[in-house]
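Worksheet: one structure, shown below.
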Amino acid sequence: QVQVVESGGGLVQPGGSLRLSCAASGINFSIFKMGWYRQAPGEQRELVADITSGDSTNYPDSVKGRFSISRDNSKKSVYLQMNSLKPEDTAVYYCNAAFKVPLSSRVVNYWGPGTQVTVSS
């Protein structure tokens, strides 16, 4: 069966760094678009970064220049390097694997259970 599992969350001081990892199994990882999303209490889930099968990356302005996403297809893993962390980065971070079925509007989505990131002094 498909499994998507995040790791690497924790407590960090403002200005610090964390590296999140996500390992997927049960999918043809290399063809999936991989993404990191986050959700703070009372807020909607939002995109943090994504990377296509061709290694094109995308970031919202709120994290551009501070966060970096990368993938290793041989390890079926995706990573999120987070630098210069701010208290407003505090959230549960989720890994997403997405594949748009060709010639259809169907998108196959898999989500991990999430990992907590807390930025606080």
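Please treat every number below as a calculation from the coordinates, not as lab data. These numbers were taken from a predicted model, which means no experiment stands behind them.
Springs between Cα atoms under 10 Å define the GNM used for the chain, and in it the highest mean-square fluctuation of Ser74, Ser84, Ser25 occurs at Ser74. The spacing between the stretch 20-49 and the stretch 71-88, judged by their C-alpha centroids, is 10 Å. Counting lysine pairs in the chain whose alpha carbons fall under 23 angstrom apart, excluding pairs fewer than 8 residues apart on the same chain, gives 7.
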